[in-house]
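Have a look at the structure below, then the notes.
The values are calculated or read from the model by the stated rules, or taken from the named source; none is laboratory data. Values in this document were obtained by computation on a predicted structure and should not be read as measured data. Cβ sites come from the backbone with ideal geometry, for glycine too, and all protein chains shown count toward neighbours. Heavy atoms of the whole protein, side chains included, go into the accessibility calculation; ligands, DNA and RNA do not. Shrake-Rupley method; radii C 1.70, N 1.55, O 1.52, S 1.80 Å.
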Amino acid sequence: MTDRDSPEVADRNQQLVASLLDGEHRALARVISRIEDRAPGHRDLISRLHPHTGDAAVIGITGSPGAGKSTLVDKLAAAYRDRGDTVGVVAVDPASPYSGGSVLGDRIRMAATVGDMDVFVRSMSARGRLGGLSTATTDAVHALDAFGKDVVIVETVGAGQNEVDIVRTADTVGVVVQPGSGDDVQMLKAGILEIGDVFVVNKADMDGVDRLLAELEEMLHRREADGPPAGGVGHHGRTAGSAARGGPTSEARSDAGDQNPDPDPDPDPDPGVDVSSWDPRVVTTVATAGEGIDDLVGAFDAHTRYLRESGAGRHRARSRHAAEIRRLVREDANVLLDAEIRRQGGVETLAERVRTGDTDPYAVASAIVGPIADCVDADGESAERDDATGGSAPGRDPGSDA
Amino acid sequence: MSADTGRDRNRPIRCLIAKVGLDGHDRGAHVIARAFRDAGFEVVYSGLHRAPEEIVQAAVQEDVDVLGISILSGAHNTLVPKVVEGLEEYGAFSETVLIVGGIIPEEDRDRLREMGVAAIFGPGTPMQETIDFVRENAPIRADDPA
């Protein structure tokens, strides 16, 4: 919301973007910092980068702590470099809830590609921000994409909704599991199963691999069986969810490379088969020894090809943009709402009034959102209003943030 | 907004704690990394046995405010200059505060300072002293959020 940028900010952004496009690593690093810090003018910065994005294959890697993600990412980066691709890595680590500080340790495992500036690794802290992390990560990926990286890998612990949201911004999602820990199966139950395109059974030299493979296969089988009736779009619950609502808005924007504007959220003749025709692959690796890495790259390549050839890539890109738009609007709305809360005396005061029985939380919420609702009512058609309130989240967020 | 610990800044201080060369003693680096984290800094830890070029690569890519090099091997006179040179090559030196921790003999200290090392913290330095130094000296950038 700070985007009444001064001319000097615009100048600085222009120079920074020019240097980035020129291949200066330091400019890229600085752009990511400014994006991460949500520095003044960062929106303008991202807008300037946008025309140069869209070429990188974005791969999300997630899994429980200790599954071997960082080692795997290191070896993957080396494999991509071997065939001449340039690589960007965004590694997200949690922040301490007490000090807000963090120790970002993903670089410790980075060994195979050291001294090679064509692998650009950036560690990112969750910084205690709730919704903003996936925005910052997505924007950092855009920066690496604009810089010209062929492959961008986003690595995060698959520990919560936040992290799931992050990997969802990738084209291809790899879920890393290791044998011998019941936790992994638990984690998969907790919703990561639905978003994996490729499952990596790492540490495949350990006991219990066969059992884990069997469990995985069974779960994936069940996911296939359950998928279509639930969402209608098979594997990607998110695709189903956001496409349903994202469809109408995305009609107006014609996607690049899309000859016919799609009247339907699903552009393909046979919607049922299309998006669900990717069977998640299971690959076994021993990342420390570099075993199975080629298979893994092959599986990611196959998924990239599938996205391109089936039209599912367009679908995914659109739902990703839809999610991005929705997220940004929500963040902006939150800023407005926070200002309104402050204007009405601050959340502490309001809470105290509720405590003393003076009012109730619903009445307070209505009073705060009321002015905005009035504006929307005055300007828009009732249909648009339906759409705005349909995304239930804006109503929820102020409460949880405040 | 986000956790803010610096005095005049609206973003966390980013540090790289680096072990350089053939030096396997990382207890000190770990302790410092944790203390910095608890002070609210974002700390990237390099891991052991890094070459100077790797440290430079990490410092540039991570866009850190502070680079802390831990050396207990006695090779500081050869390793530190290489890091300084590398940072200069990428135009990152002027905006990075370089500090060194570990066993640095008194007679070597002036030379390191002339090279651009902002501070040297030997054994027994109170943690708070190092933290305060970083807080006070981490560069404010022209484009920092107000």
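Amide H of A:THR285: which non-local residues (sequence gap of 5 or more, or other chain) have their own amide H closer than 5 Å, using H built in the peptide plane?
Here A:VAL201, A:ASN202, A:LYS203, A:ALA204 satisfy the definition.
Counting only heavy atoms of protein chains, what accessible area per residue, in Å², does chain B have with a probe of 1.4 Å?
Details: 6180 Å² over 146 residues.
For chain B, the solvent-accessible area averages 42 Å² per residue.
For B:LYS19, which lysines qualify as cross-link partners when the Cα separation must be under 26 Å and same-chain residues fewer than eight apart are set aside?
A:LYS69, A:LYS75, B:LYS82
Please give the average number of partner chain Cβ atoms lying within 10 Å of the Cβ of each residue in A:285-298, rounded to a whole number. If you can, show how the numbers build up before the last one.
Numbers: counts 0, 0, 0, 0, 0, 0, 0, 0, 0, 0, 0, 0, 0, 0.
Neighbouring Cβ atoms belonging to other protein chains average 0 per residue here.
With the crude spin-label approximation of a point 7 Å out along Cα→Cβ, what separation in nm comes out for A:ALA289 versus A:LEU21?
Label-label distance for A:ALA289 and A:LEU21, simple model: 4.8 nm.
Buried accessible area for the A:B pair, summed, 1.4 Å probe, in Å² rounded to 100? Intermediate values should be presented prior to the final figure.
Working: alone 19810 and 7700 Å², together 24550 Å².
Roughly 3000 Å².
Using a 1.4 Å probe, what is the accessible area per residue for the stretch A:284-360, in Å²?
Accessible area per residue, the stretch A:284-360: 53 Å².
Might you report the magnitude of the Cβ-based charge dipole of the stretch A:1-129 about its Cα centre, with Lys and Arg at +1 and Asp and Glu at -1, to the nearest 20 debye? Please list the in-between numbers first.
Working: 17 positive and 17 negative charges, 81 e Å.
Roughly 380 debye, rounded to the nearest 20.
For A:VAL9, A:VAL354, give me the order by solvent-accessible area with a 1.4 Å probe, most accessible first, ignoring ligands, DNA and RNA.
Values: A:VAL9 15, A:VAL354 45 Å².
Descending order: A:VAL354, A:VAL9.
Run the quick spin-label model on A:VAL376 and B:ALA35: label points 7 Å from Cα toward the beta carbon, then report their separation in nm to one decimal.
According to this spin-label approximation, the distance is 5.2 nm.
Using a/c under 1.5 as the rounded threshold, could you call chain B rounded, prolate or oblate? The axes a ≥ b ≥ c are square roots of the C-alpha gyration tensor eigenvalues, and prolate needs a/b larger than b/c, oblate otherwise.
Working: a/c = 1.61, a/b = 1.35, b/c = 1.19.
The shape class here is prolate.
Sequence-distant or interchain residues sharing an amide H contact under 5 Å with B:ALA51, placed H: which?
Long-range HN contacts for B:ALA51: B:GLY21.
Given the rule -39500 (n - 2.57) for each run of at least 4 DSSP H residues, summed and divided by the residues of chain B, what is its mean residue ellipticity at 222 nm, to the nearest 500 deg cm²/dmol?
Working: 5 runs with 58 residues, N = 146.
Rounded to the nearest 500, it is -12000 deg cm²/dmol.
Using a Gaussian network model of chain B whose springs link C-alpha atoms within less than 10 Å, name the residue from B:PRO123, B:PRO52, B:PRO81 with the highest mean-square fluctuation.
Judging by the Gaussian network model, the answer is B:PRO123.
Given a Förster radius of 51 Å and the C-beta distance between A:ALA339 and B:ARG27 as r, what FRET efficiency does 1/(1 + (r/R0)^6) yield to the nearest 0.05? Walk me through the numbers on the way to the answer.
Working: r = 48 Å, r/R0 = 0.94.
Plugging the Cβ-Cβ distance into 1/(1 + (r/R0)^6) gives 0.60.
Over all directions, the average projected area of the alpha-carbon convex hull for the stretch A:11-162 comes to how many nm²? Walk me through the numbers before you get to the answer.
Details: hull surface 35.6 nm².
Directional mean of the projected Cα hull area for the stretch A:11-162 stands at 8.9 nm².
Over all residues in B:52-62, what is the mean tally of Cβ atoms on other chains that come within 10 Å of each residue's Cβ?
Values: counts 1, 4, 7, 1, 2, 11, 6, 1, 8, 14, 9.
Rounded to a whole number, the mean comes out at 6.
Provide the solvent-accessible area of A:SER310, counting protein heavy atoms only and rolling a 1.4 Å probe, rounded to the nearest 10 Å².
Number for this one is 20 Å².
Output ³J(HN,Hα) for the stretch A:137-149: one whole-Hz value per residue in order, computed from phi by the Karplus curve 6.51 cos²θ - 1.76 cosθ + 1.60 with θ = phi - 60°, and x for Gly and Pro.
5, 4, 5, 5, 4, 4, 4, 5, 4, 5, 4, x, 5
Could I get the Rg over Rh figure for the stretch B:95-146? Both from C-alpha atoms, Rh via Kirkwood, rounded to two places. Show your work: numbers first, answer last.
Working: Rg = 12.9 Å, Rh = 12.4 Å.
Checking Rg against Rh, the ratio lands at 1.05.
With each pseudo-label sitting 7 Å past Cα toward Cβ, what's the A:THR349-B:GLU114 distance in nm, one decimal?
A separation of 6.2 nm, rounded to one decimal place.
Would you please classify the overall shape of the stretch A:1-97 from the alpha carbon gyration tensor, given that a ≥ b ≥ c denote the square roots of the eigenvalues, rounded means a/c under 1.5, and beyond that prolate means a/b larger than b/c while oblate covers the rest? Mind dumping the intermediate values first?
Values: a/c = 2.83, a/b = 1.60, b/c = 1.77.
Oblate.
Using +1 at the Cβ of each Lys and Arg and -1 at the Cβ of each Asp and Glu in the stretch B:1-140, identify which of B:GLY91, B:LEU22, B:LEU48 lies farthest towards the dipole's positive end.
Working it through, the farthest residue towards the positive pole turns out to be B:LEU48.
Any chance you could check the stretch A:86-106 for residues losing 10 Å² or more of accessible area when the partner protein chains are in, compared with the chain on its own (1.4 Å probe)?
By number: A:SER96, A:SER99, A:GLY100, A:GLY101, A:SER102, A:VAL103, A:LEU104.
Given +1 on the Cβ of Lys and Arg, -1 on the Cβ of Asp and Glu, and no further charges, what dipole in debye does chain B carry about its Cα centre, rounded to the nearest 20? Write out the running numbers ahead of the final one.
On the way: 15 positive and 25 negative charges, 83 e Å.
Dipole about the Cα centre, nearest 20: 400 debye.
What span do the alpha-carbon atoms of the stretch B:63-131 cover on each of the three principal axes, reported in whole Å from largest to smallest?
So the extents along the principal axes, rounded to whole Å, are 34, 26, 18.
May I ask you to rank B:THR78, B:THR125 by accessible area, largest first, using a 1.4 Å probe over the protein chains only? Mind showing how you got there, number by number?
On the way: B:THR78 85, B:THR125 40 Å².
Putting B:THR78, B:THR125 in descending order of accessible area: B:THR78, B:THR125.
Around A:ASP150, which amide H atoms from residues at least 5 apart in sequence, or from another chain, sit under 5 Å from its own amide H, with H modelled in the peptide plane?
HN-HN under 5 Å from A:ASP150: A:THR86, A:VAL87.
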